[in-house]
2 protein chains.
Amino acid sequence: VESVRKGGLRVNLVGQAQALEQELARLRYTFRENHSEPLGITDTPEFLAMEESPSAILREKPRASVRLACELVAQGKAGAVVSAGHSGALMIAGKHLLGTLPGVDRPAIATPLPSRRGVCLLLDSGANVDCKPGYLLQFARMGRIYARVVLGCESPRVALLSNGSEPGKGNELIRQVYPLMERQIEGFIGNLEPGDLFRGRADVIVCDGFVGNMVLKTAEATGSQLRRYFRDAGGRSPLSWIGTRLMGNMFFQMLRHTDRSEIGGSMLLGLKGVAVVAHGSSNARAMRNAIEMAQRCAASNLMEALDEAFAGEV
Amino acid sequence: VESVRKGGLRVNLVGQAQALEQELARLRYTFRENHSEPLGITDTPEFLAMEESPSAILREKPRASVRLACELVAQGKAGAVVSAGHSGALMIAGKHLLGTLPGVDRPAIATPLPSRRGVCLLLDSGANVDCKPGYLLQFARMGRIYARVVLGCESPRVALLSNGSEPGKGNELIRQVYPLMERQIEGFIGNLEPGDLFRGRADVIVCDGFVGNMVLKTAEATGSQLRRYFRDAGGRSPLSWIGTRLMGNMFFQMLRHTDRSEIGGSMLLGLKGVAVVAHGSSNARAMRNAIEMAQRCAASNLMEALDEAFAGEV
């Protein structure tokens with residue numbers, strides 16, 4: 001609703017119409033009586049619960065909301081799809097209904113991270129738990145294009161996420177892909193340690209989806225542990241109570257600065273269409289950021305640039 | 001010096017005597033004139049710099065400080081070795097001079113992490129970047145014994161670190177080892193997500209050394225990013241300046257609570273002797289914690305319990 005009211009976007013809500021209408025009424029949203037109505041509803045009773053196997057959407061649930069939303073993009077009726085549901089299901093629906101870019105073996109989840117110099121892109125942050133060196137090379141190339149087109153970074157620096165910055169560091173996968181990156185990836189600057197993750201030393205950080213997911217979730221867990229400690233500490237002494245009140249806003253501002261939901265969602269990079277996955281615990285603000293990020297990607301020439309870059313390969 | 005003065009321990013400093021004596025003079029440490037002198041110095045000019053290959057200590061540097069320190073333990077002249085230098089070099093020196101426990105293929109770095117219910121043990125946190133399922137089973141068994149003997153946990157709960165808590169989650173290694181853990185490891189509770197890392201749901205958390213190292217370093221990087229932000233924010237407005245002062249101590253207390261250096265060092269578990277690696281950026285407090293942790297391990301029957309548990313295997 002905020003994206004429509006304040007962001008001026010057109011949004012189609014795909015899901016159980018009755019529940020959506022109730023929620024819209026609660027937000028005092030009134031539909032206009034003409035063709036310029038920016039908010040639409042596509043009714044479907046089916047959806048995929050978090051504990052279900054994502055592949056269920058292919059056979060058992062042909063009208064799952066995530067499928068219908070991808071179909072709208074495939075049919076050109078929507079510019080992008082955004083989901084805060086099961087990211088695996090969005091990936092499967094995206095592959096099935098939008099297709100994978102020619103020359104890309106595996107689409108990756110590309111997550112913008114807050115860094116000292118703005119934003120850097122971490123990929124794969126969860127789609128492919130087991131990767132071959134060739135996948136990581138493709139992630140690097142897609143990431144560079146995203147950084148250039150969407151983040152406005154003229155010559156993106158690409159790094160491999162590893163346990164040390166020296167060339168020989170890393171597990172077998174990283175050691176195998178390192179020399180290939182050196183030869184094939186423009187702007188490759190070598191290995192990057194997690195200690196430098198937020199220091200703005202690289203614009204695109206490449207890793208397999210298992211490691212990327214662990215790193216993201218660890219950063220989130222550390223942040224929320226500190227937040228909890230802060231909240232609990234406010235009750236301990238009168239001085240720290242006053243301190244917490246005075247600091248309160250600043251502290252939450254700080255957490256916001258270090259919270260990726262403020263930046264938007266993660267793009268499923270490698271699909272033939274814009275698909276953005278938002279965090280499952282997103283609030284309205286995070287959803288609006290994800291929707292606006294999807295809009296920015298759809299309005300840019302990201303898809304054309306990716307198409308062009310990989311076209312030579314096929 | 002604090003470990004000697006306040007902790008009542010006997011400490012032998014292995015390194016360049018002249019540099020050590022200068023430092024001791026700066027700290028106004030005066031040697032006693034009798035046999036009860038608790039602080040000794042073993043002079044050696046050789047040491048391994050961080051950028052050198054750790055295997056250099058085997059041939060080129062037979063008198064490297066880390067080697068001599070391990071020799072003192074091997075000869076029974078010291079109960080434990082503590083190093084804040086190159087952890088790889090301590091591992092190699094430990095394997096070479098102390099030996100690996102029979103039945104253990106690869107010693108692991110076992111790092112105590114602060115958690116809501118006290119402390120949990122993460123291993124391997126950096127020694128073995130490429131692991132076979134059998135290694136992880138051994139890590140789990142060694143970790144359980146450590147948790148029981150050193151952390152005083154009666155029936156330790158063991159978990160695999162994975163990208164999701166459901167049984168099928170994880171990369172190939174985790175999926176392979178999961179059913180083996182179910183059959184062979186007492187107290188196995190399944191997969192644990194990084195989101196639950198600090199929630200005290202498990203006492204022993206098992207992963208390969210690449211992932212463990214990434215997770216540890218990410219948690220540290222997130223913590224220090226928040227600290228930096230907090231420090232910078234103090235100068236922004238009069239109210240937040242006052243807030244920062246009032247909160248200051250509490251905030252550093254919070255960081256201390258979430259800072260593993262406060263807990264001590266990481267044990268190289270699987271060697272025939274107590275070897276503890278402290279963080280390279282340790283301050284005096286962190287070093288004292290690491291030294292006291294090493295003393296606790298040496299004074300416990302950890303080595304006997306490990307020996308006994310793995311003796312049946314060989």
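Computed from the coordinates by the stated procedures, all read-outs in this text should not be read as laboratory data. Bear in mind the structure is a predicted one, so any value in this text is a computation, not a measurement. Every residue, glycine among them, receives a Cβ derived from its backbone with ideal geometry; neighbour counts consider all protein chains shown.
Taking every residue in B:123-133 and counting other chain Cβ atoms within 10 Å of its Cβ, the average works out to 2. Copy-to-copy label distances for B:LEU58, where each label lies 7 Å from Cα along Cα-to-Cβ, are 4.8 nm in order of increasing length.
Computed from backbone phi, the HN-Hα couplings of segment B:124-130 come to 7, 9, x, 7, 10, 6, 10 Hz, rounded to whole numbers (Karplus: 6.51 cos²θ - 1.76 cosθ + 1.60, θ = phi - 60°; Gly and Pro given as x). Distance between Cα centroids, segment A:42-62 to segment A:99-148: provide it in whole Å. The distance from the Cα centre of segment A:42-62 to that of segment A:99-148 comes to 26 Å. Here each label is just a point 7 Å from Cα along the line to Cβ, and for A:SER155 and B:SER224 those points are 2.9 nm apart.
Each Lys or Arg adds one and each Asp or Glu subtracts one; over the other residues with Cβ under 13 Å from the Cβ of B:ILE291, this totals +4. Residue by residue along A:190-196, Cβ atoms of other protein chains within 10 Å of the local Cβ number 3 on average. If we count every other residue with Cβ under 15 angstrom of B:ALA19's Cβ, Lys/Arg +1 and Asp/Glu -1, where does the sum land? For residues surrounding B:ALA19, the net value is -3.
Over the whole of A:206-218, what's the average partner chain Cβ count within 10 Å per residue? Rounded to a whole number, please.
For this peptide, the per-residue mean of nearby foreign Cβ atoms is 6.
Less than 5 angstrom separates the built amide H of B:LEU13 from those of B:GLY40, B:ILE41, B:THR42, all sequence-distant by 5 or more or on a different chain. Sorting the Cα pairs of segment B:24-66 by distance into bins of 5 Å, from 0 upward, gives 5, 17, 19, 14, 12, 13, 12, 7, 0 percent per bin.
For the pair B:SER55 and B:ASP105, label points projected 7 Å from Cα toward Cβ lie 2.0 nm apart.
Between copies, the label points at A:ARG5 (set 7 angstrom from Cα along Cα-to-Cβ) are spaced 6.3 nm, reported in nanometres from shortest to longest.
Computed from backbone phi with θ = phi - 60° and the Karplus coefficients 6.51, -1.76 and 1.60, the 3J(HN,Hα) list for segment A:159-165 is 10, 9, 6, 8, 7, x, 8 Hz; x is used for glycine and proline.
Annotation for A:GLN75 and B:GLU166: the two label points, set 7 Å from Cα along the Cα-Cβ direction, are 2.9 nm apart. Beta-bridge orientation, the protein assembly as shown: approximately 35 percent antiparallel, per DSSP, counting only bridges with both partners inside.
Using the Cβ-Cβ distance between A:LYS132 and B:THR30 with R0 = 60 Å, the FRET efficiency computed as 1/(1 + (r/R0)^6) comes to roughly 0.45.
For the peptides B:134-142, A:167-175, B:279-287, residues were scored by their other Cβ atoms within 10 Å and the scores averaged per peptide; the highest-first order is B:134-142, A:167-175, B:279-287. What separates the A:ASN283 label point from its copies, with the point 7 Å along Cα to Cβ, is 3.3 nm, written shortest first. For B:ARG28, the shell of other residues with beta-carbons less than 15 Å away shows a net charge of +1, using +1 for Lys and Arg and -1 for Asp and Glu. Among beta bridges from DSSP that stay inside chain A, the antiparallel ones total about 35%.
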